[in-house]
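The values are calculated or read from the model by the stated rules, or taken from the named source; none is laboratory data. No experiment lies behind these values; they were computed from the predicted model shown. Here the Cβ positions follow ideal geometry from the backbone for every residue, glycine too, while neighbour counts run over all protein chains shown.
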Amino acid sequence: MECVVLAAGEGKRMRPLTAKRPKVMLPLANRPMMEHLVLAARDAGVTDFIFVVGYGEREIRRHFGDGGRWGIRIQYAPQRHQHGTADAVKAARELVTGRFLVLNGDMILKTEDLVHLSQKPGSCMSVSTTDHPQDFGVVLEEDGLITSLEEKSANPRSNLINAGAYLFSPDIFDLIDQVRPSPRGELELTDALAVLIARKQLLAYHLTYWMDVGYPWDMLDANATLLETAKSGNSGTVEEGVVLKGTVVIEEGSVIKSGTYIEGPCIIGKNCRIGPHAYIRGATSIGDDCHIGHSSELKNSIILSGTKIPHFNYVGDSVIGSGCNFGAGTKIANLRHDHGPVKVCGKDTRRKKFGAVIGDGVQFGINCSVNVGTMIGSNALFAPNSYIEGCIGEKTVIR
C-alpha cells in the first residue's frame, strides 16, 4: 500500500506561523504535525510514501529525508504551482504503482482508521461529523455509498463532512484529467469525486477519530490530544526542589531548576532552561532552546523553539512562534470578562479561553499587556508598557 500525503500548501489560515515554514511542519507535541500522520500510516502497514511538496519543501525534505529513520521509503512529487487538490494528487501520478491512500497533511488520524480505510474494496472517502459543517464539504450517505458532496454550503444538509482521507486506484487519474478549473481557478478533487458519486462507486468510511488543524487555535486541541498518549521520560537534569506531576517529558540537555512546578501532560524540548520557580501547567509543549524563567507561568500553550519567557510572565491558551522574547512582566490575557467566545481578527475560535497567536521573532519590552484574541505578525517590536490588541502586522514597531 502506497500513501500520497498532500503537503504543498502554505496554510494561509495559519499565518503568521507559516511565514517561514509550511503548515504541515508546525509542531504538535514537539513533532511536525505531518510526522504524527505519517507515523499513524506507517503503523497501519504503509511502507511507501509520496509527499506532494511545494511551499517550504526544503524544510520537509530536510526533516524527513528518505524516511529511513522511521523504517519507511519516501519519494517527493513537486507541485510547483498550487492549482488545487486535483492538481496536487495528479503530481504523484508517475510515482503511484497501485491502489493508494491520499491524506491531507494537516490532520490527525488514528492508525486503526487507516487500517480499515486501506482495506476497503473500492474507491473510498473518509467522513466524520462536526458541529460546524459549513466550513467543510458536506456529505450525504446511503447504504455505505456517498450520494452527495457539497463544498462549504451556507445551509448544510447534514453534519457529515468529507474528512480528507481517501483510497483510490490509479483510475482516479483519468477522472482528474477531465477536471476543469472551478470558479476559483483551481482544479478541485471534488469534481473527480462527483463522477464516482454519480456512478455509485464512492464508498464511505466513518472515522472513529479525526481532528482537522485549520487554524492556530486548533493546534491547542490537537496538541493536548497527542500529549495524552505521551509517556514520561527525563533525559535532562532536574534539580532538587522540583515537583513533576502527571506525564512530563524532558529532553536531553534541558535543566529544570529548583522551585519549578510542572503539571503534565507537558513536553520540554532539548537544551531548555526552566525556572527557577517557574509554573508550567497541563497541555503545554515547549520547543528546543527555550527559556522559561523565574515566576513565569505557562498553561495549555505551544511555544516554538528559541523563545524566551524569562521573568514574571503569564502565557495561557496561546501559540507562540520561534525566537520571541518576552520582557519582564509581559502577560497575555486569555478570558473575556463576559466569558464569551474569543474572536481572532474577526474569526470565531469557538473557545471560551484563548490568548494570542504570536509570529516568529516578536520582541516585547517590559510590562507589555496582550489582550485576549490578539494576533501579532512576525518580527514586530513593542516598547515597554505597550497595550496590544487586535491584528498586528509583521514588522510593526510600537515605540
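If only residues of the range 368-399 that are at positive phi and loosely packed, with under 15 Cβ neighbours inside 10 Å are counted, the one that is nearest to the chain's Cα centre (by Cα) is 390. Pairing each residue of the range 49-66 that is free of Cβ contacts under 8 Å to residues at least 12 places away in the same chain and more than 22 Å from residue 84 (Cα to Cα) with any residue that is in a loop (DSSP other than H, G, I, E, B) and of a type outside the set (S, T, N, Q), provided the two are 6+ apart or on different chains, yields C-beta distances under 9 Å for 66/72.
In the range 37-69, what residues are outside any helix (DSSP H, G or I) and in contact with a Leu (Cβ under 6 Å, 6 or more places away or on another chain)? I'd like the intermediate steps shown before the answer.
Here is the first cut: in the range 37-69, the ones outside any helix (DSSP H, G or I) are 44-56, 65-67.
Hits for the range 37-69 are 44, 50, 52.
For residues in the range 97-119 being in contact with a Gly (Cβ under 8 Å, 6 or more places away or on another chain) and outside any loop (DSSP other than H, G, I, E, B), which is surrounded by the most Cβ atoms within 10 Å (Cβ to Cβ)? Outline the logic, then answer.
Taking the range 97-119 and keeping what is in contact with a Gly (Cβ under 8 Å, 6 or more places away or on another chain), we get 103-104, 106-107, 115, 118.
Now drop any that are not outside any loop (DSSP other than H, G, I, E, B), which leaves 103-104, 107, 115, 118.
Working: 103: 26, 104: 22, 107: 24, 115: 16, 118: 19.
So, considering only residues that are in contact with a Gly (Cβ under 8 Å, 6 or more places away or on another chain) and outside any loop (DSSP other than H, G, I, E, B), the one surrounded by the most Cβ atoms within 10 Å (Cβ to Cβ) is 103.
Would a scan of the range 60-82 turn up a residue that is crowded, with 16+ Cβ neighbours inside 10 Å and of a type in the set (Asp, Glu)? Among the residues of the range 60-82, not one is crowded, with 16+ Cβ neighbours inside 10 Å and of a type in the set (Asp, Glu), which makes the answer no.
Find the residue count for the range 217-238, including only residues that are farther than 14 Å from residue 268 by Cβ and either among the aliphatic types (A, V, I, L, M) or over 24 Å from the mean Cα position of the chain (by Cα) (or both). The qualifying residues number 5. Within the range 310-325, one or more residues are hydroxyl-bearing (Ser, Thr, Tyr), under 26 Å from residue 269 (Cβ atoms) and either assigned by TED's automatic domain parsing to the domain that holds residue 23 or over 19 Å from the mean Cα position of the chain (by Cα) (or both).
The set of residues in the range 95-122 being of a type in the set (A, V, I, L, M, F, W, C), under 12 Å from residue 208 (Cα atoms) and under 20 Å from the mean Cα position of the chain (by Cα) consists of 108, 109, 114.
Return yes or no: is residue 144 modelled with pLDDT under 95, on the phi > 0 side of the Ramachandran plot and either buried (at least 19 other Cβ atoms within 10 Å of the Cβ) or assigned by TED's automatic domain parsing to the domain that holds residue 38 (or both)?
Working: modelled with pLDDT under 95: yes; on the phi > 0 side of the Ramachandran plot: yes; either buried (at least 19 other Cβ atoms within 10 Å of the Cβ) or assigned by TED's automatic domain parsing to the domain that holds residue 38 (or both): yes.
Judged against the criteria, residue 144 is a match.
None of 163, 154, 192 is within 24 Å of residue 107 (Cα to Cα), at pLDDT 90 or above and within 26 Å of the chain's Cα centre (by Cα) except 163. The set of residues from the range 78-96 being assigned to a loop (DSSP other than H, G, I, E, B) and in contact with a strand residue (DSSP E or B) (Cβ under 7 Å, 6 or more places away or on another chain) comprises 79, 91, 92, 96. For a quick check of your reading: which strands (runs of 3 or more DSSP E) sit entirely within the range 280-399 and have at least 3 residues that are closer than 24 Å to residue 18 by Cβ and among the hydrophobic types (A, V, I, L, M, F, W, C)? Filter on the range 280-399 gives 356-358.
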